[in-house]
Amino acid sequence: MESIALLITLLFDALVLPFGRHHAAALVIVSILSGAAFALVFRATSKPDRITRARGRFQARVLEMRLYPDDVVLLTRALLGALATQIDYFRAAGKPILIVLIVALPVYFQLESRFAGRPLHASERALVTATVKPGLDARAIPAELTGSDGLLVDPRSVRVRATREIAWRVEAKAAAVHHLTARVYDVEYRFPVQGSSRARALGRERSAGPFWSAFVHPGLPSIPDNSAIETVRVSYPEQRFHLLGVDWDWLGVFLTGTLVGAAIPAVLLRIQM
């Protein structure tokens with residue numbers, strides 16, 4: 001699973017690489033392409049005839065309710081019929097919708113890891129938090145964080161026993177990819193901190209154990225099984241996008257771009273959804 005997640009991350013790295021530091025353009029184009037791909041996946045896995053018949057019967061029932069608003073019997077029958085046609089619709093469209101969701105999840109997590117936050121600028125600070133495993137006292141265990149050249153680590157840490165958290169403050173000295181090493185007891189965990197302007201996966205969080213962590217939180221390597229660390233988080237600054245005179249967060253741009261991208265093949269190919 002780790003290898004598959006890494007392959008997906010590398011594919012998205014290659015996809016956004018041509019855009020360089022133009023994050024807004026990368027997010028817009030990738031969102032539109034994703035929407036178009038989702039529409040094509042839906043078309044390839046759906047049964048248009050069944051969907052068309054279900055939608056036609058639903059429209060007929062709605063028209064029946066408008067024609068007989070004062071007849072309780074006919075109105076009730078039309079309403080129940082409309083509900084029944086919706087069940088038929090979900091039977092016809094449920095499978096392709098599920099497939100599209102499965103395809104969309106990795107796209108969502110990859111884009112979230114790149115565009116929800118932004119890399120650290122020079123002289124900008126971030127908080128690195130390590131949560132130790134249950135049963136350990138964060139105030140008592142030996143733990144330290146060291147950084148590569150270009151990344152200054154404040155040796156003073158804040159330790160919270162109730163949440164099992166140990167937090168350090170780090171400061172980027174240059175726009176580059178830096179590396180941190182968290183050492184708890186005798187086990188080290190080395191991970192990157194992004195200061196590069198390219199839209200790489202930031203790696204804001206990683207948990208030990210669950211195989212799906214590599215898919216949900218790409219960008220950080222797996223935590224060793226024998227490590228006392230349960231979770232590592234890096235608090236990157238939030239990224240905003242100024243488009244069409246409005247400030248957007250990444251999710252708003254993604255949803256809008258996806259809808260636009262899905263509409264193009266839907267109109268051209270007359271995809272029934």
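The values are calculated or read from the model by the stated rules, or taken from the named source; none is laboratory data. Here the structure is a predicted model, which is why all the values come from computation and not from measurement. Positions of Cβ are backbone-derived with ideal geometry, glycine not excepted, and every protein chain shown enters the neighbour counts. Just so you know, the surface numbers come from the protein's heavy atoms only, side chains and all, with ligands and any DNA or RNA stripped out. Shrake-Rupley method; radii C 1.70, N 1.55, O 1.52, S 1.80 Å.
Structure notes:
- Part-to-part distance (alpha-carbon centres) for the stretch 175-207 and the stretch 2-20, which is given in Å: 17
- Acute angle (nearest 10 degrees) that the helix 23-45 long axis makes with the longest principal axis of the chain, alpha-carbon atoms: 40
- Pair Lys133, Thr181: separation of 7 Å Cα→Cβ label points (nm): 2.2
- Between the amide H of Leu243 and those of Trp248, distances stay under 5 Å, these residues lying 5 or more places away or on another chain, with hydrogens modeled in the peptide plane.
- Largest-first ordering by accessible area, 1.4 Å probe, given options Lys133, Lys95: Lys95, Lys133
- The C-alpha radius of gyration of the stretch 185-273, expressed as a fraction of 2.2 N^0.38 Å, stands at 1.56.
- Scalar couplings 3J(HN,Hα) for the stretch 150-158, obtained by applying the Karplus form with A = 6.51, B = -1.76, C = 1.60 to θ = phi - 60°, are x, 9, 8, 10, 6, x, 6, 10, 9 Hz; x denotes Gly and Pro.
- For the stretch 1-160, size of Cβ-based charge dipole, Lys and Arg +1, Asp and Glu -1, in debye: 580
- Ligands, DNA and RNA left out, the 1.4 Å accessible surface of the chain is 62% carbon and sulfur atoms.
- The value of relative contact order for the chain, using C-alpha pairs under 8 Å at least six residues apart, is 27 percent.
- Isotropic mean projected area of the C-alpha convex hull, the stretch 94-184 (nm²): 8.5
- The order of Val260, Val234 by accessible area, most exposed first and with a 1.4 Å probe, is Val260, Val234.
- Computed from the C-beta positions of Leu6 and Lys173 and an R0 of 30 Å, the FRET efficiency is 0.55 to the nearest 0.05.
- The stretch 157-209: C-alpha gyration tensor shape, a/c 1.5 cut-off, then a/b vs b/c: prolate
- Sequence-distant residues sharing a close amide H with Gly117 (under 5 Å, placed H): Gln239
- Normalised Debye scattering of the stretch 22-165 at q = 0.09, 0.16, 0.20 Å⁻¹ gives log10 I(q)/I(0) of -0.64, -0.98, -1.14, counting only Cα atoms as equal scatterers and leaving out solvent.
- Between Arg270 and Ser235, the C-beta separation translates, for a Förster distance of 51 Å, into a calculated FRET efficiency of about 0.60.
- Zone residues, the stretch 72-111, relative to Gln59, backbone N less than 20 Å from point 7 Å out along Cα-to-Cβ: 78-94
- Value of [θ]222 nm, deg cm²/dmol, for the chain, DSSP H segments ≥ 4, -39500 (n - 2.57) each, nearest 500: -16000 deg cm²/dmol
- Helix axis angle, 48-67 relative to the chain longest principal axis, alpha carbon, degrees: 60
- Charged-residue dipole, Cβ positions (Lys, Arg, Asp, Glu), the stretch 1-92 about Cα centre, Debye nearest 20: 300
- Radius of gyration and maximum dimension Dmax of the chain, Cα, Å: 24.8, 79
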